[in-house]
Amino acid sequence: MMQTTAVVIGAGHAGLAMSRRLTERSIDHIVLERGEVANSWRTQRWPTLRLLTPNWQTRLPGHGYAGDQPDGYMPLAEVVATLTRYARLIGAPVRSATTVHTVRSVPGGYEIRTDGDVLHARAVVLATGACNLPAIPGTADTVPPPVTTLTPLTYRDPGQLPDGGVLVVGASATGVQLASEIHRSGRPVTLAVGEHVRLPRSYRHRDIFWWLEATGLLAERYDQIDDLTRARHLPSPQLTGTPEAITTDLNTLTALGIRIVGRLGRITDGVAQFSGALANTCALADLKMNRFLNRADEWATASGLDDELPPPHRFAPTRVDPRTPLELDLTSGEVTTVLWATGFRPDQSWLDIPVRDRNGHIRHDGGVVTGAPGLYVLGLPVLRTRASTYIHGAAADTGALAHHLHSFLGRRRRP
Ligand SMILES: Cc1cc2nc3c(=O)[nH]c(=O)nc-3n(C[C@H](O)[C@H](O)[C@H](O)COP(=O)(O)OP(=O)(O)OC[C@H]3O[C@@H](n4cnc5c(N)ncnc54)[C@H](O)[C@@H]3O)c2cc1C
């Protein structure tokens, strides 16, 4: 059995950032990765994906964006290259092609069983990602058989879809991106829209992430957020990263010719039923967007930036056609593919330690797993701040957790 002080599971950006923090503190560790560095980006994302966060924001401990397009949005291949370079730069001790099958508590720490061997560590950091599996509603089982079903993890490009119409379920970042890509391939697209977060790509000539960061919204701490459970389950914003930096809200999609319908409820006898509350859902999203823009304007005024920036303005409310259909017969042949863009969930099925709540989520206090000293989790939405959901949030999260882990090891050393 191999002994090491700490094991980090997962060599995505979060695991790598943690490795860098442990190295800074001279904590002996190893990073176990079932594929290669940036495996999720290499194997679980569609090729045309670009980050929706601007390049200047893709920063990790000891590493900032150094290219010539700080305001651009990184294509997938560049994300992979960036993380691969980062792993090399920090000398991360990654053991690739090593899948962790079980982690359990043993006296003095944790036993980690991989497909190759067994390791013992005093501390373990779970950095296996929040988006390993698609989150699909139960009604997916009732899609009539001739219709092809896909998830963002299996979708690659429109060419893989059969001819015919496509129902994209879910209008958050993934749903709006894929709906517009599939529409451009010439297929008729219907987009089922539930609760969503509407944001413009830019406002007053600044990227929306500039505003989210400048106003302090992304820095809001988990222990200061009123409804943390809700914050952790909020859909991703309706944003895409494109070379033209276009806004991809529902008005844009409608103008392209994509049919917008309400939230998918049930599928009964092959007929998909949509909520009639689409107009209300959209009005609420508009209201929340305007609330944030008000906050942005107040911040700009308080910061004395009003002379530097173009004046405040508001965006057109979301237009909802009163004749929006409430049903779609999936047996008619009109729709040949259903794409579930209904979110993602983590896969921690290999964790054999009783640290989950009733809903199967790991119980943790800002990444410090509850009831399992020396066990940490990273990369979950709003783990420590709202920024934790994004790549750049790992810098502060890993700083705090490495500090905690270091103190934990110190306490354990004392008699
Ligand atoms: C479609 C999509 C788009 C996104 N776009 C953005 C964006 O634009 N900007 C942004 O900031 N964030 C974005 N995110 C969010 C987030 O930054 C990514 O999900 C990111 O990949 C998470 O990094 P991570 O290191 O936490 O996990 P991952 O990148 O998923 O890394 C986890 C690693 O753990 C490995 N692993 C898993 N299980 C095991 C096991 N049992 N044994 C060994 N290894 C294992 C995996 O192979 C993987 O390499 C996006 C997420 C998705 C899903």
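The values are calculated or read from the model by the stated rules, or taken from the named source; none is laboratory data. Just so you know, these numbers come straight off a predicted model, no measurement behind them. Note that we place each Cβ from the backbone using ideal geometry, even for glycine, and neighbour counts take in every protein chain shown.
The table below lists the values:
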| item | result |
| --- | --- |
| Residue in the stretch 342-360 that is surrounded by the fewest Cβ atoms within 10 Å (Cβ to Cβ), counting only those that are basic (Lys, Arg) and either touching a strand residue (DSSP E or B) at 6+ places or on another chain (Cβ under 8 Å) or touching a residue at least 60 places away in the same chain (Cβ under 8 Å) (or both) | 356 |
| Segments classed as helices (runs of 4 or more DSSP H), wholly inside the stretch 206-287, with at least 1 members that are of a type outside the set (Asp, Glu) and either modelled with pLDDT under 95 or in contact with an Asp or Glu (Cβ under 7 Å, 6 or more places away or on another chain) (or both) | 228-232 |
| Lone unmet requirement of (1) more than 7 Å from the ligand (Cβ to nearest atom); (2) over 18 Å from the mean Cα position of the chain (by Cα); (3) in contact (Cβ under 8 Å) with a residue 24 or more places away in the chain; (4) surrounded by fewer than 22 Cβ atoms within 10 Å (Cβ to Cβ) for residue 19 | (4) |
| Tally of residues being more than 11 Å from the ligand (Cβ to nearest atom), out of contact with any strand residue (DSSP E or B) (no Cβ under 6 Å at 6 or more places or on another chain) and either closer than 20 Å to residue 113 by Cα or not polar (S, T, N, Q) (or both) across the stretch 22-54 | 3 |
| Test: residue 123 is more than 11 Å from the ligand (Cβ to nearest atom) and outside any strand (DSSP E or B) | no |
| Count of residues meeting criterion [outside any loop (DSSP other than H, G, I, E, B) and touching a residue at least 12 places away in the same chain (Cβ under 8 Å)] in the stretch 78-102 | 13 |
| Matching residues in the stretch 344-382 - criterion: being part of a strand (DSSP E or B) and in contact with a helix residue (DSSP H, G or I) (Cβ under 7 Å, 6 or more places away or on another chain) | 368, 376 |
| Checklist (1) of a type in the set (Ser, Thr, Tyr); (2) free of Cβ contacts under 8 Å to residues at least 40 places away in the same chain; (3) surrounded by fewer than 16 Cβ atoms within 10 Å (Cβ to Cβ) applied to residue 65, failing item | (3) |
| Residue in the stretch 197-211 that is within 16 Å of the ligand (Cβ to nearest atom), closer than 24 Å to residue 379 by Cβ and among the basic types (Lys, Arg) present | no |
